[in-house]
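Read-outs: derived from the displayed coordinates by stated rules, not from any lab. Values in this document were obtained by computation on a predicted structure and should not be read as measured data. When we count neighbours, we look across all protein chains shown, and the Cβ atoms used for this are built from the backbone with ideal geometry, even at glycine.
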Amino acid sequence: MKKEKLYQKISVAAMFLILLGSFLLVFDRNQIYVFEQIGNITNNVPSQYNLTDARTYSCTVERPLEKTVILRLDDIAPNNNLDLMKNMIKEITKRSYGVSLAIIPSRLERSNKLIDWLQNIQENPLIELSQHGYDHSREEFSNLDYDGAVTKINLGKDIMVRLFGQVPINFIPPYNVDSNETIDALKDLGFKTFSGNQKEYTTTTFKYSTDEFVPAEKVLSECKADLDNNKVCVIMFHPQDFTVKGKIDEQRYGEFIKILDGLKNLNADVVNFRQAFCKEY
């Protein structure tokens, strides 16, 4: 008799624990669902586009006949200072200069504010949205075969088309490193221009191999030499070139302004890749 009562007590206790566990599980799931719904409501979800509605550029690629400076701002991503990027683009475009923004696709959706800003400025013909690899892993495209390159390029391109409604035509590989198979894949996928392999840009404001900031005077001197020899100069910037420990460095940013002001003395068009090479744009 005592054993039967003991078994009954154990059964009741077990049933209570099962019911309590089920309640907590359902509550936890509902709580997560509610938080997700609140996030969807309060976050300003960016506009998205269908692939069939995407704008494409059909053009003939020709080398510029006149002296041409191309500005290239790499590493457009949420981990960089958005206010700094906005200020840099404002300074460039108020001088009627063109610029190519090298966007890291896989990181974009971490920041709706960044997406909103890019969507708002993309209609400005002075601004080109270029694809900067897919996830910007170390030397991402250095050893890829053709199929691997196609896969990574398409992953990034699909994100950019969905968020910006236009198919990118300029590709910039992370770390300026690529494989021959990457070049073949880009051609087959419809890209028109390419800047990489450390031969497709002239000068930069920071040399990461030596951890060295490059002052305006040297950048402009190297650019002038390339214009005199080849008629084309590509200047590569990164937002982080002008920060120290995550904060804007006023002295370095002053050098950026000096570069922009000094370009007028080079007697060259200052444009993005699309403006420079895409002749029917």
Query raised in the report: Which residues, taken from region 249-274, are of a type in the set (S, T, N, Q), part of a helix (DSSP H, G or I) and farther than 12 Å from P215 by Cβ?
Result: N265
Query raised in the report: Any residue in region 221-229 that is hydroxyl-bearing (S, T, Y) and assigned to a helix (DSSP H, G or I)?
Result: yes
Report summary line: The one condition T210 fails out of (1) of a type in the set (V, I, T); (2) more than 27 Å from P78 (Cβ to Cβ); (3) in contact with a strand residue (DSSP E or B) (Cβ under 9 Å, 6 or more places away or on another chain) is (3)
Query raised in the report: So which residues in region 92-105 are in a helix (DSSP H, G or I) and surrounded by fewer than 17 Cβ atoms within 10 Å (Cβ to Cβ), if there are any at all?
Result: T93
Report summary line: Checked region 126-140 for anything closer than 26 Å to Q275 by Cα and either in contact (Cβ under 8 Å) with a residue 40 or more places away in the chain or among the hydroxyl-bearing types (S, T, Y) (or both); matches are L126, I127, E128, S130, Q131, H132, G133, Y134, H136
Requested in this report: Select from region 204-247 the residues that are within 21 Å of P174 (Cβ to Cβ), crowded, with 18+ Cβ neighbours inside 10 Å and touching a residue at least 40 places away in the same chain (Cβ under 8 Å) and list them in ascending order.
Outcome: T205, V234, I235, M236, F237, H238, P239, F242
